[in-house]
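Report on one structure; see the data block that follows.
The values are calculated or read from the model by the stated rules, or taken from the named source; none is laboratory data. Small disclaimer: the values here were computed from a predicted structure and weren't measured. Here the Cβ positions follow ideal geometry from the backbone for every residue, glycine too, while neighbour counts run over all protein chains shown. When the accessible area is computed, the model is the full protein with side chains, heavy atoms only, and any ligands, DNA or RNA have been set aside. Shrake-Rupley method; radii C 1.70, N 1.55, O 1.52, S 1.80 Å.
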Amino acid sequence: MQPFTYERAGNVQAAAAAVATRPEAKFISGGTNLLDLMKLEIERPTHLVDISRLPLDRIEETPEGGLRIGAQVRNSDLAADPRVRSRYPMLSQALLAGASGQIRNKASTAGNLLQRTRCSYFYNRNMPCNKREPGSGCAALEGFNRMHAVLGASEACIAVHPSDMAVAMTALDAQVETTLPDGKARTIAIGDLHRLPDSTPHVETALGHGEMITAVTLPPSPPGRQVYRKVRDRASYAFALVSVAAVVEKSGDRIRGARLAIGGVAPKPWRTREAEYVLVGAADSGSAFSEAAESALAGAVGRGGNDFKIPLAKRAIRQTLAVAVEGA
Amino acid sequence: MTEMTTSSPESRSSETRNSLIGRPIGRVDGPLKVTGRATYAYEHAVNEAAYGYILGAAIAKGRIVEIDSAEAERVPGVLHVMTYRNAPAQPEFGPAVTPTVPEVFTRARPVLNSSRVRFYDEPVALVVAETFEAARAAAGLIRVRYEEEGGVFDLPARLADAYAPGRTNAGFETDSATGDFDGAFAAASVKVDATYRTPYEHHNPMEPHATLAVWSGDEVTIYTSAQTLANFQAGLASTLGIPRERVRIVSPFIGGGFGAKLIVHADTVLAALAARVLRRPVKVALTRQQMFANAGHRAEMVQQVRLGAGRDGRLTSIGHDVWSATSGFEEFCEQTAVFTRSLYAAPNRLTRHRLVPVDLNRGEWMRSPGEAPGMLAFECAMDELAERLDLDPIELRIRNEPTEDPERGVPFSTRNLVACMQEGARRFGWERRNPTPRRIREGRRLIGYGMAAAIRPNYIGAAAAKVAIDATGRVTAHLDMTDIGTGTYTILSQIAAESLGVPIAAIKIELGDSRFPRTAGSGGSWGASSAGSALHHACSALKERIMEAARSDDRSPLRGADAAEPIFVGGEVSVGNRTVSLADLIGRIAPDGIEATGSVAAGRNTESYRTYSQHSYGAHFAEVAVDSDTGEIRMRRMLSVIGAGRILNAKTARSQILGGMTWGIGAALMEETVLDPRYGHFVNHDLAEYHVPVNGDVMEMEVVFLEEYDDKANPLGAKGLGELGVCGSGAAIANAVYNATGLRVREFPITLDKLLPGLPASAI
Ligand SMILES: Cc1cc2nc3c(=O)[nH]c(=O)nc-3n(C[C@H](O)[C@H](O)[C@H](O)COP(=O)(O)OP(=O)(O)OC[C@H]3O[C@@H](n4cnc5c(N)ncnc54)[C@H](O)[C@@H]3O)c2cc1C
Ligand code: SF4
């Protein structure tokens, strides 16, 4: 870890401005991701702006009937919130499927969205990695890529975004609110927050330097049954091999509405609109689920170690849809 | 839940019933640990300590061409940067194989003594600074240029290059052959010929390797985390080129070792070197990531198991061939097929160990060396054979139960394998298992049952103990033994209290200092029996000395007491009808206290070891649920029934078995260190990516100890069990996975991607 200076921001705008004026400055919230990366010198900020004590830790009703979640709301508090549990159960399930109790107690909503990939080569400074060191190559392409992306990746980078929470929020059509260094606010659809790697995998989000996330808003909860299913190598405390966030609304034995997002398979939480089109109006049968699964994984490319994620994701989607329908 | 069965008629139950030995007493050091007052290596506080941080090599093989540490040296607080260019002289590393087995523990292990890089992340520099943070930051500023050479890392593709080592770990014969294996196997009516692969694994004790070195004149005190102090003392003395007496090792509490703390590592050597150069105390710890390359591993292996049987289910031939990776510069041959020599009867037998050199650091002893990978393969092969014979796996094992050690031809001391299996079957509800795989379903889950046998040799290491009683009746024992989290403090307290007839509270056990009488430390499951026996003898000697004085001293109320056997119980001594308080007696006859010593010789040098085959046994049972869509395997229940001689403390013993069973879950389902053959590094070198079972993976576990007393093993009647829980438990799980799914995965760990291709199309 390289030395850095530290300040505690007094308010949102001051925080944004403090980061904006220094090219090597970063926000620090729970620090559960950033500090690990700093110890390994994957991240080497020279200045940290601590935003963890800003009063952004409330969950409020919106006039539209949704929820506005402050950027500093802890993952454990968000998961336990009764409104979240009753109206957005998949979000609560996704949060509780992530990390460990201790980490969730520290982790913030914005920090979770902006956590970086767990690619082992990214984490090792001796290895080529285009995300860490643009132009150095990608050690994972021909290496140990069991955890890596099958959708949305590029020849420059096949890393996945590891968040569970973000997958559920993507299925829920969340909006991300930010404050720019000049004090202006903007709103970004969650689907537009993370960028695909293309040839610039080091550019991960649509946020500008110094742009700070202040809240995430959820529109009113969609009708239907919500399920978050995480498939992983051990029962707890493991990143997703594949995860599925599904909302299914039934009418008789037909599907009236469907939302489907998958995690662990792409550089960003992956909304699968084509699969949703397949589902809406279809009979709630295995064949519709299979068709949706095929459609969700259309164009998926395995890189050897992660080939299994393609059939696994299809199976997980079919199972999750079936479970959602059973209870819908 | 733990139980002691009480049925065995010839057991010494009446003797043990009221004994302190065996009682499930909580750890005497528990309060210290849970309140943070047990001092671990890195926590020892001295004035003026400086902090070292190791920089590891970025390549796996080659030479350092240039090291530029100028920028690092300018970092405020940096005191010293040590590289091969300025490190104090150390002996050469020496040959890949030491002339004798024990020398592997005592040989010099130089660090920073050459520009050669032998493995990825091998130390190339040590930065010492006023703070850990400054040292670490400065290490990041050192520029190293290498001349890289291609290393070799692959095992399976290079089996043809394998060589036969001169011996295996612990000095066993490399090969064994009885009868005509090839002929008998060819002629067998039912056969299994299966090849299994087990991956690199890492110990990952919670406490990292860490050392504080403090010189005083030409003597150094090393506060570290060590399982065997004598090895550390000798190994460090050889490396520093000083007599052993000038090295003192202190290691009172150890946060787990699992075999990774049997020899000195870079932290100890570098702390000692830097402290001498700087003339002030230096602390060095390995980071978790550094432990993967620098603190030992279990090597990758390929094992071919060939079993031939008649239709009656009797084995005619047993073959177990092992190919293992080994470091090129220091050979380590895990004794993977050695247990096969003692487990089942068969007239024609063959076991062989072969090694393939790779450019990695040396492999080390990892909990249950030999049995852990060996039984994982072998006990799966037995399951495969049972299915081919259409026999219950327990029945197959019973039919091949030997009457004497099949290769040594000597009787067993005690062997309750069949009883363990039968008791386990009854308790586990084994009859509910459907022998045809994939028949038990619960919703989307496939349920499977599996079992496997467990065997682990009983070793005894040379050990000595000193015990003293003072005029208030307080007893203090000293041994250079260690408590690596196993409960040694507690069982030694029980042994001393029982032997001297005083309450546990009157006992103080002092461990973890090389100035105390020498033991074999903790390793190979020998700790409790070896140190315990030595202490038992010391207590007997102490009682004799007390009685000598009591009978002859004028001030003694027992003066002239007849020759009747004295009884020490309840803090009192009785001879015939005379009873006195022990404290009172000592106060009168020896106001300065009395002390005595006791010892045991290493097991292999004893008559009983030569004339008896001594092992602990057990039977493991597992129930798993497999998601038929995703292939996720989750444990439901495990049961282990153990026959390991007299149980010294039912609680700490149970904890050992539970821990071992958990290791079985890890080995069967998730533990694997991935080696990238392009760079020669372990890819998943932290605890987020190297998966060990977490609480949610463990589920229901039960341990049952059969009542047993092994009078051949040692005066306590106890046998080693610290590693027994690992032996075979992974195979029980793998067999359960097979029973659930009908899929036999022979490449461990069994992760869901390996099941996926064989699972039925989703059942929706
Ligand atoms: C061992 C381990 C296992 C884990 N397992 C999982 C898992 O299974 N599933 C899962 O989803 N996650 C998992 N995590 C990740 C965990 O969820 C994240 O570390 C956590 O959510 C990050 O939140 P934080 O507040 O600590 O972020 P920090 O570490 O403080 O920050 C992360 C990043 O976000 C930036 N940032 C923070 N707040 C803002 C803001 N308001 N505006 C702009 N930028 C901001 C920081 O500058 C930094 O770049 C795991 C983490 C660990 C260490
Ligand atoms: S996948 Fe991306 S993060 Fe991983 S090594 Fe390649 S470029 Fe780096």
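The set of residues in the stretch B:588-607 that are open to solvent by less than 30 Å² (accessible area, probe 1.4 Å) and part of a helix (DSSP H, G or I) comprises B:I589, B:G603. Quick one: is B:P373 open to solvent by 10 Å² or more (accessible area, probe 1.4 Å), of a type outside the set (D, E, K, R) and touching a Ser or Thr at 6+ places or on another chain (Cβ under 7 Å)? No, not satisfied.
Once the stretch A:186-207 is narrowed to residues that are open to solvent by 80 Å² or more (accessible area, probe 1.4 Å) and not in a loop (DSSP other than H, G, I, E, B), the residue that is nearest to ligand 2 (Cβ to nearest atom) is A:D192.
Please find, within the stretch A:111-135, the residue that is nearest to ligand 2 (Cβ to nearest atom) out of those that are within 13 Å of chain B (Cβ to nearest Cβ) and polar (S, T, N, Q). So the residue we want is A:T117. Filtered by the rule that a residue be of a type in the set (D, E, K, R), open to solvent by 20 Å² or more (accessible area, probe 1.4 Å) and either more than 7 Å from every other protein chain (Cβ to nearest Cβ) or touching a strand residue (DSSP E or B) at 6+ places or on another chain (Cβ under 9 Å) (or both), the stretch B:680-697 gives a lone residue, B:D686. Candidates are the residues of the stretch A:156-175 that are within 10 Å of ligand 2 (Cβ to nearest atom) and over 20 Å from A:S243 (Cα atoms); the one that is surrounded by the fewest Cβ atoms within 10 Å (Cβ to Cβ) is A:A156. When you look at B:S368, is it touching a residue at least 12 places away in the same chain (Cβ under 8 Å), open to solvent by less than 10 Å² (accessible area, probe 1.4 Å) and in a loop (DSSP other than H, G, I, E, B), yes or no? So B:S368 passes the test. Quick check on the stretch A:30-48: of everything there that is within 11 Å of ligand 1 (Cβ to nearest atom) and open to solvent by 30 Å² or more (accessible area, probe 1.4 Å), which residue is farthest from A:N126 (Cα to Cα)? Filtering the stretch A:30-48 for residues that are within 11 Å of ligand 1 (Cβ to nearest atom) and open to solvent by 30 Å² or more (accessible area, probe 1.4 Å), the one farthest from A:N126 (Cα to Cα) comes out as A:T32. Within the stretch B:608-629, if we keep just the residues that are among the hydroxyl-bearing types (S, T, Y) and not in a helix (DSSP H, G or I), the residue that is most open to solvent (accessible area, probe 1.4 Å) turns out to be B:Y612. Evaluate the stretch B:23-34: report whether one residue or more is among the β-branched types (V, I, T), surrounded by fewer than 19 Cβ atoms within 10 Å (Cβ to Cβ) and without any contact (Cβ under 8 Å) to a residue 12 or more places away in the chain. Yes, there is a match, as at least one residue in the stretch B:23-34 is among the β-branched types (V, I, T), surrounded by fewer than 19 Cβ atoms within 10 Å (Cβ to Cβ) and without any contact (Cβ under 8 Å) to a residue 12 or more places away in the chain.
Looking across the stretch A:76-100 at every residue that is in contact with a Ser or Thr (Cβ under 7 Å, 6 or more places away or on another chain) and in a helix (DSSP H, G or I), the one that is nearest to the other protein chains (Cβ to nearest Cβ) is identified as A:A79.
Consider the stretch B:663-679 and keep the residues that are open to solvent by less than 30 Å² (accessible area, probe 1.4 Å) and either away from chain A (no Cβ under 14 Å) or within 16 Å of the chain's Cα centre (by Cα) (or both). The one that is nearest to B:S729 (Cα to Cα) is B:G664.
Across the stretch B:398-433, what is the total count of residues that are closer than 23 Å to B:G720 by Cα and either open to solvent by 50 Å² or more (accessible area, probe 1.4 Å) or not aliphatic (A, V, I, L, M) (or both)? Total satisfying the criteria: 19.
Any residue in the stretch A:318-325 that is away from chain B (no Cβ under 14 Å), open to solvent by 10 Å² or more (accessible area, probe 1.4 Å), under 28 Å from A:Q175 (Cα atoms) and under 24 Å from the mean Cα position of the chain (by Cα)? No. Each residue in the stretch B:447-488 was checked for being over 34 Å from the mean Cα position of the chain (by Cα) and in a strand (DSSP E or B), and 0 of them qualify. Pairs meeting the criteria (first residue in the stretch B:668-694 and touching a residue at least 40 places away in the same chain (Cβ under 8 Å), second residue acidic (D, E), beta carbons under 6 Å, at least 6 apart or on different chains) are B:M670/A:D233; B:E671/B:E201; B:P677/B:D154; B:G680/B:D359.
Counting only residues that are of a type in the set (S, T, Y), within 14 Å of ligand 1 (Cβ to nearest atom) and buried (at least 24 other Cβ atoms within 10 Å of the Cβ), how many does the stretch A:94-147 have? Summing the residues that are of a type in the set (S, T, Y), within 14 Å of ligand 1 (Cβ to nearest atom) and buried (at least 24 other Cβ atoms within 10 Å of the Cβ) in the stretch A:94-147 gives 4. The residues listed here are B:A45, B:A58; of these, the one that is of a type in the set (A, V, I, L, M, F, W, C) and touching a residue at least 60 places away in the same chain (Cβ under 8 Å) is B:A58. Exactly one residue among B:A41, B:A87 is within 30 Å of B:H536 (Cα to Cα), at pLDDT 95 or above and open to solvent by less than 40 Å² (accessible area, probe 1.4 Å), and that residue is B:A41. For the stretch B:174-285, the strands (runs of 3 or more DSSP E) that sit wholly inside it and include 3 or more residues that are within 25 Å of the chain's Cα centre (by Cα) and closer than 30 Å to B:R354 by Cβ are B:190-198. Taking (1) within 28 Å of A:I317 (Cβ to Cβ); (2) away from ligand 2 (no atom under 12 Å from the Cβ); (3) open to solvent by 10 Å² or more (accessible area, probe 1.4 Å); (4) touching a strand residue (DSSP E or B) at 6+ places or on another chain (Cβ under 6 Å) in turn, A:T179 satisfies each apart from (1). Among strands (runs of 3 or more DSSP E) entirely within the stretch A:208-274, having at least 1 residues that are closer than 30 Å to B:L687 by Cα and within 14 Å of chain B (Cβ to nearest Cβ) singles out A:225-231, A:242-251, A:254-263. When you scan the stretch B:740-760, do you find a residue that is of a type outside the set (D, E), touching an Asp or Glu at 6+ places or on another chain (Cβ under 7 Å) and not in a loop (DSSP other than H, G, I, E, B), even just one? Yes.
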